Amino acid sequence: QVQFVESGGGLVQAGGSLRLSCAASGIIFSPNAMGWFRQAPGKQRELVASIRGGGSTNYADSVKGRFTISRDSAMNTVYLQMNSLEPEDTAVYYCNTPWRTYPWGQGTQVSVSS
């Protein structure tokens, strides 16, 4: 059974940084594309960053240049480095494949104050 555990969220001021981690069991990250999603109150869950098995990355326009997705295959962990955070980044962040293949984890709350 595939399980994701997201961590690293918190409360930061605008302009600050956070690094999120997603640890997985039951799936090997390295050959699979993985993504980070977020869901703000009253909004749909959206894909903000993805990394393919070969290491290429894609980002939503709203986070391009500020967020960086990376992967540690040995640790079976995916990271999201978030810099220059804005209040609009406030959301619960989740990881999954870009196609939302597996059950969602509990997510990690990111709150950015202005």
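The values are calculated or read from the model by the stated rules, or taken from the named source; none is laboratory data. Treat the numbers as computed from the prediction; the structure is a model and nothing was measured. With ideal geometry, Cβ positions are generated from the backbone for all residues, glycine too; neighbour counts draw on all protein chains shown. With ligands, DNA and RNA removed, areas are computed over all heavy atoms of the protein, side chains included. Shrake-Rupley method; radii C 1.70, N 1.55, O 1.52, S 1.80 Å.
In the condition set (1) buried (at least 17 other Cβ atoms within 10 Å of the Cβ); (2) β-branched (Val, Ile, Thr); (3) not in a loop (DSSP other than H, G, I, E, B), VAL5 is compliant with all but (1). Close contacts from region 27-55, counting a first residue that is open to solvent by 30 Å² or more (accessible area, probe 1.4 Å) and a second that is of a type in the set (D, E, K, R), with Cβ to Cβ under 8 Å and a gap of 6+ residues or different chains, come to SER30/ARG71; GLN39/ARG45; GLN39/GLU46; ARG45/ARG38; GLU46/ARG38; GLY55/ARG71. Residues in region 4-44 that are over 11 Å from CYS95 (Cβ atoms) and of a type in the set (S, T, N, Q) were compared, and the one that is nearest to the chain's Cα centre (by Cα) is GLN39.
Filtered by the rule that a residue be open to solvent by less than 40 Å² (accessible area, probe 1.4 Å) and outside any strand (DSSP E or B), region 99-114 gives GLY105, GLY107. Return the total of residues in region 63-98 being at pLDDT 95 or above, surrounded by fewer than 15 Cβ atoms within 10 Å (Cβ to Cβ) and part of a strand (DSSP E or B). Number satisfying all stated conditions: 1.
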